[in-house]
Amino acid sequence: MDEVDRAIVNGLQGGFPLCDEPYRAVAARLGLSEAELLSRLERLLRDGILTRFGPMYQVERMGGAFVLAALAVPEERYEEVAAAVNALPEVAHNYRREHALNMWFVLATETPGGIDEAIARIEAATGLEVHAFPKLKEYFVEMKLTA
């Protein structure tokens, strides 16, 4: 990462403009052309420096639902099960943990009933029980990392 990349990463954490041409507005704020900003973002994502760039939505406010879920996956099946879980469009992210429940992921669906449907598909595809942990309380943690 060079200084321009650092300025992009630092400048895009919060406050993304809601306008007709948001990338052009951000580029101008950073002293870049829109094309250069987009090119650099594509490279940062392609090279794995950024793993994701996009908005965070409150899915419940749009009529949907999400839940944290976990599986106890036999080590010899881990890659196979991870591929099956990650193939579902409802799976937002997936994490490996050193625990009896060694695969954790977030399910997000367009409707509350979609959670049970997604869980049933995962259980049918893997033969493993999905442990769902619904949100009891929400906390806002604004995490910004300086590059």
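Cβ-Cβ distances below 6 Å connect the following pairs, each with a first residue in the stretch 86-112 that is more than 23 Å from Q58 (Cβ to Cβ), a second residue that is surrounded by 14 or more Cβ atoms within 10 Å (Cβ to Cβ) and modelled with pLDDT under 90, and a separation of six or more residues or different chains: N86/N94.
The residues of the stretch 63-91 that are within 10 Å of F105 (Cα to Cα), in contact with a helix residue (DSSP H, G or I) (Cβ under 8 Å, 6 or more places away or on another chain) and surrounded by fewer than 19 Cβ atoms within 10 Å (Cβ to Cβ) amount to a single one, V91.
Here is a check on your reading of the model: is L101 under 28 Å from G127 (Cα atoms) and among the aliphatic types (A, V, I, L, M)? Can you show your working first?
Values: under 28 Å from G127 (Cα atoms): yes; among the aliphatic types (A, V, I, L, M): yes.
For L101, the condition - under 28 Å from G127 (Cα atoms) and among the aliphatic types (A, V, I, L, M) - is met.
Exactly one residue out of R61, R29, R40 is charged (D, E, K, R) and under 25 Å from P89 (Cα atoms), and it is R61.
When the stretch 2-23 is filtered for residues that are assigned to a helix (DSSP H, G or I) and either of a type in the set (G, A, S) or touching a strand residue (DSSP E or B) at 6+ places or on another chain (Cβ under 7 Å) (or both), the ones remaining, listed by number, are A7, G11. Among the residues of the stretch 50-61, is any in a helix (DSSP H, G or I), of a type in the set (V, I, T) and at pLDDT below 95? Looking through the stretch 50-61, at least one residue is in a helix (DSSP H, G or I), of a type in the set (V, I, T) and at pLDDT below 95.
Applying the selection to the stretch 85-117, what residues are assigned to a loop (DSSP other than H, G, I, E, B) and farther than 17 Å from G64 by Cα? A87, R97, E98, H99, A100, L101, N102, listed by residue number.
Just one of the numbered conditions (1) under 20 Å from the mean Cα position of the chain (by Cα); (2) surrounded by 17 or more Cβ atoms within 10 Å (Cβ to Cβ); (3) not in a helix (DSSP H, G or I) is not true of L44: (3).
Name the single residue that is nearest to D116 (Cα to Cα) among those in the stretch 62-84 being of a type in the set (G, A, S) and in a helix (DSSP H, G or I). Talk me through it step by step, then tell me what you get.
Here is the first cut: in the stretch 62-84, the ones of a type in the set (G, A, S) are 63-65, 69-70, 72, 82-84.
Next cut, in a helix (DSSP H, G or I) only: 82-84.
Numbers: A82: 19, A83: 20, A84: 17 Å.
Among those residues, the one meeting the criterion is A84.
Suppose the filter is at pLDDT 85 or above, assigned to a helix (DSSP H, G or I) and closer than 30 Å to G127 by Cα; does V26 pass it?
The answer is no for V26.
The residue list R97, R121 contains one member that is charged (D, E, K, R) and surrounded by 14 or more Cβ atoms within 10 Å (Cβ to Cβ), which is R121.
The values are calculated or read from the model by the stated rules, or taken from the named source; none is laboratory data. What you see is a predicted model; the values in this text were computed from it and never measured. Glycine gets a Cβ as well: all are built from the backbone with ideal geometry, and neighbour counts include every protein chain shown.
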